[in-house]
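Let me begin by presenting the structure, written as structure tokens, before commenting on it.
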Amino acid sequence: MNRHRAFYIGRFQPYHLGHHSVIQKIAKEVDEIVIGIGSAQKSHTLEDPFTAGERVMMISRSLEELDTTYYVIPIMDVDRHAIWVSHIRSLTPPFDVVYSNNPLVIDLFSEAGVKIKKSPLFQRGAYSGTEIRRRMLNDEKWEDLVPKAVVKVIEEIDGVQRLKKLSKTDSPG
Ligand code: ATP
Ligand code: MG
């Protein structure tokens, strides 16, 4: 019997409990999960502060207690939507279903004939990369919005300080 493998993609800047809840749900439905780290080439900007390697650490360590087999694959942008699905296919283990709630992702995979399952949103107000980065910059509590393993990784790489430094060099004057 072939194993059912699902694909899930995000930028994970950082990986948070919204993503984690989706992965836990997917884990109940398939045998293996392929997690794509989008915009893998980006780091050290206010929108994309963490490197692909740092994001691999966040995800792998958060999923350690999960029974399901998973693969975490960094995927650089190609900036050509028409070839994006083939680009992903060329880098990942084969998968037969994609979980997403992003309209463009859904559109591109459906055009390519891939089965889509809509992933639900969990507390989107707080469980959001943008909101977590905003809290980090403003010295507000962000730690309860991410898995404990992610707090450790961000501490280890001094991630909040990095973000604050970036905000200084980015602002005018
Ligand atoms: P950013 O604000 O930086 O865009 P994000 O929270 O949207 O961060 P992404 O890495 O852009 O996170 O999202 C990856 C995928 O996870 C997207 O399809 C997004 O819709 C989904 N997602 C984001 N937040 C949640 C959530 N709270 N619950 C379920 N899915 C989510
Ligand atoms: Mg997003």
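The values are calculated or read from the model by the stated rules, or taken from the named source; none is laboratory data. Keep in mind that what you see is a predicted model, and the values were worked out from it rather than measured. Using ideal geometry, Cβ is built from the backbone for each residue, glycine included, and neighbour counts are taken over all protein chains shown. Accessible surface areas use protein heavy atoms only, side chains included; no ligands, DNA or RNA. Shrake-Rupley method; radii C 1.70, N 1.55, O 1.52, S 1.80 Å.
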Handout entry: Odd one out for Val151 among (1) open to solvent by 40 Å² or more (accessible area, probe 1.4 Å); (2) free of Cβ contacts under 8 Å to residues at least 24 places away in the same chain
Key = (1)
Exercise for the section: Could you please let me know if Ile23 is within 16 Å of ligand 2 (Cβ to nearest atom) and either of a type outside the set (S, T, N, Q) or over 20 Å from Glu143 (Cβ atoms) (or both)? Expected result: yes
Completion exercise
Considering the stretch 5-30, residues that are outside any helix (DSSP H, G or I), touching a strand residue (DSSP E or B) at 6+ places or on another chain (Cβ under 7 Å) and not aromatic (Phe, Trp, Tyr), and then whichever is farthest from Lys148 (Cα to Cα), we arrive at Arg5
Problem - Pair list, Cβ < 7 Å and 6+ apart or interchain, from the stretch 116-127 residues that are under 18 Å from Leu104 (Cβ atoms) to residues that are of a type in the set (Val, Ile, Thr) and within 8 Å of ligand 1 (Cβ to nearest atom) - result: Ser119/Val22
Exercise for the section: Output yes when any residue across the stretch 83-93 is of a type outside the set (Phe, Trp, Tyr), near ligand 1 (Cβ under 10 Å from one of its atoms) and open to solvent by 20 Å² or more (accessible area, probe 1.4 Å), and no when none is. Expected result: no
Exercise for the section: Show the residue pairs that are 6+ apart or on different chains and have beta-carbon atoms under 9 Å apart, the first residue being within the stretch 8-34 and within 9 Å of ligand 1 (Cβ to nearest atom), the second being basic (Lys, Arg) and open to solvent by less than 30 Å² (accessible area, probe 1.4 Å). Expected result: Arg11/Arg55; Phe12/Arg55; Gln13/Arg55; Gln13/Arg133; Pro14/Arg55; Pro14/Arg133; Tyr15/Arg55
Fill in the blank from the handout: When (1) among the aliphatic types (A, V, I, L, M); (2) near ligand 1 (Cβ under 10 Å from one of its atoms); (3) open to solvent by 10 Å² or more (accessible area, probe 1.4 Å) are applied to Ala52, the one that fails is (2)
Exercise for the section: Pull up the stretch 31-48, narrow it to residues that are touching a strand residue (DSSP E or B) at 6+ places or on another chain (Cβ under 9 Å) and surrounded by 15 or more Cβ atoms within 10 Å (Cβ to Cβ), then point me to the one that is farthest from Val160 (Cα to Cα). Expected result: Glu32
Exercise for the section: Working only within the stretch 103-130, note down all residues that are under 22 Å from Glu143 (Cα atoms), out of contact with any Leu (no Cβ under 9 Å at 6 or more places or on another chain), open to solvent by less than 40 Å² (accessible area, probe 1.4 Å) and away from ligand 2 (no atom under 13 Å from the Cβ). Expected result: none
Exercise for the section: Hey, could you check the stretch 43-53 for residues that are in a loop (DSSP other than H, G, I, E, B) and touching a residue at least 12 places away in the same chain (Cβ under 8 Å) and say which is farthest from ligand 2 (Cβ to nearest atom)? Expected result: His44
Practice task
Need at least 1 residues that are touching a strand residue (DSSP E or B) at 6+ places or on another chain (Cβ under 6 Å) and modelled with pLDDT of 95 or more per element, so show me which helices (runs of 4 or more DSSP H) inside the stretch 68-173 make the cut, counting only ones lying wholly within it.
Solution key: 81-91, 103-111
